[in-house]
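Have a look at the structure below before the remarks.
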Amino acid sequence: MERVLGNDSAFSTLRGLMRRKGPAERCELCSAGLFGEHEHLIEPGTRKLMCTCEACSILFSNKGTKYKRVPRRVLYLPDFQLSDDKWESLRVPIAMAFFFHSTPDGRVLAMYPSPAGPTESLLSLEAWSEIEEDNPVLKGMAADVEALMVNRIGHARGVAPAEYFILPIDKCYELVGLIRGNWRGLSGGTEMWEKIAEFFRGVKERARGPEGSLCLS
């Protein structure tokens, strides 16, 4: 037997549908609706990310403003050179980290994800300089907004090769949030590791060109 909704219920249902079809987020500067993938700005001094519309991302990232526009390019680096010894010299306690040039700090920072959020690791600038010399592509990273993402989890376990990417800084923090939000127990839990694998499959797919070849630069 069908149940007929009264006017109040009908309007309530329509309002609910409209809300679900509306913007998931809003620009943090002008409150315009944001649908799907959108722009981000970052304030280098605080490392705060802001969701913005395209107009605001252009307007507020002009020279002289305190924000920088986060780019969208994703590079997969299958020929990246990093030996186990050089990785150890970076003194990162886990097999995953991202590295970026921080303008306020005047140096390269190493951050690794943890259940508590992003954690900064002590970084030997000499070791980084050697890695940069072996991999000139790193010299083209935009300060504050792009990072080298290193995933050596599979390599450390002997089940997969290490993976290296240049990613927008917001993607790096997205991974941090994924780990923080899904960590269970002492080892993280099966679901979290599956989500990490899915994340890296996604960024590798995004790095592919229109004909299926990997974009290296």
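The values are calculated or read from the model by the stated rules, or taken from the named source; none is laboratory data. This structure is a prediction, so every number in the text was calculated from the model and none was measured. Neighbour counts are summed over all protein chains in view; Cβ atoms, including those assigned to glycine, are modelled from backbone coordinates with ideal geometry. Ligands, DNA and RNA are stripped out before the accessible areas are found, and what is left, the full protein with its side chains, is counted by its heavy atoms. Shrake-Rupley method; radii C 1.70, N 1.55, O 1.52, S 1.80 Å.
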Task: Verdict on residue 97 being open to solvent by less than 10 Å² (accessible area, probe 1.4 Å), of a type in the set (A, V, I, L, M) and over 28 Å from residue 53 (Cα atoms) - done: yes
- [ ] Assess whether residue 102 counts as being open to solvent by 40 Å² or more (accessible area, probe 1.4 Å) and either of a type in the set (Gly, Ala, Ser) or modelled with pLDDT of 95 or more (or both).
- [x] no
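Would you mention how many residues in segment 83-107 are part of a loop (DSSP other than H, G, I, E, B), aliphatic (A, V, I, L, M) and under 20 Å from residue 169 (Cβ atoms)? Lay out the reasoning, then the answer.
Step one: filter segment 83-107 for residues part of a loop (DSSP other than H, G, I, E, B), giving 83, 90-95, 103-106.
With the extra rule that they be aliphatic (A, V, I, L, M), the set shrinks to 90, 92, 94-95.
Okay, now just the ones that are also under 20 Å from residue 169 (Cβ atoms), so 90, 92, 94.
Number of matching residues: 3.
Condition check ((1) touching a Phe, Trp or Tyr at 6+ places or on another chain (Cβ under 9 Å); (2) hydroxyl-bearing (Ser, Thr, Tyr)) across all residues:
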{"residue": "101", "(1), (2)": "no, no"}
{"residue": "105", "(1), (2)": "no, no"}
{"residue": "111", "(1), (2)": "yes, no"}
{"residue": "118", "(1), (2)": "yes, no"}
{"residue": "121", "(1), (2)": "yes, yes"}
{"residue": "128", "(1), (2)": "yes, no"}
{"residue": "131", "(1), (2)": "yes, no"}
{"residue": "136", "(1), (2)": "no, no"}
{"residue": "140", "(1), (2)": "no, no"}
TODO: Being within 18 Å of residue 31 (Cβ to Cβ) and acidic (Asp, Glu) is the filter here, so list the residues in segment 42-73 that pass it.
DONE: 54
Task: Residues satisfying the stated conditions in segment 127-169, i.e. among the acidic types (Asp, Glu) and surrounded by fewer than 19 Cβ atoms within 10 Å (Cβ to Cβ) - done: 130, 132, 133, 134
Task: strands (runs of 3 or more DSSP E) enclosed by segment 112-175 - at least 3 residues per element that are closer than 13 Å to residue 74 by Cβ and in contact (Cβ under 8 Å) with a residue 24 or more places away in the chain - done: 146-151, 163-168
Open item on the list: Of all residues being open to solvent by 100 Å² or more (accessible area, probe 1.4 Å) and basic (Lys, Arg) in segment 1-55, which is modelled with the lowest pLDDT? Just the residue, please.
Closed with: 3
Task: Options 156, 127; residue that is within 20 Å of residue 83 (Cβ to Cβ) and touching a Ser or Thr at 6+ places or on another chain (Cβ under 6 Å) - done: 127
Open item on the list: Where the second residue is assigned to a loop (DSSP other than H, G, I, E, B) and the first is without any contact (Cβ under 8 Å) to a residue 12 or more places away in the chain and lies in segment 54-83, which pairs have Cβ atoms under 6 Å and are six or more apart or on separate chains?
Closed with: none
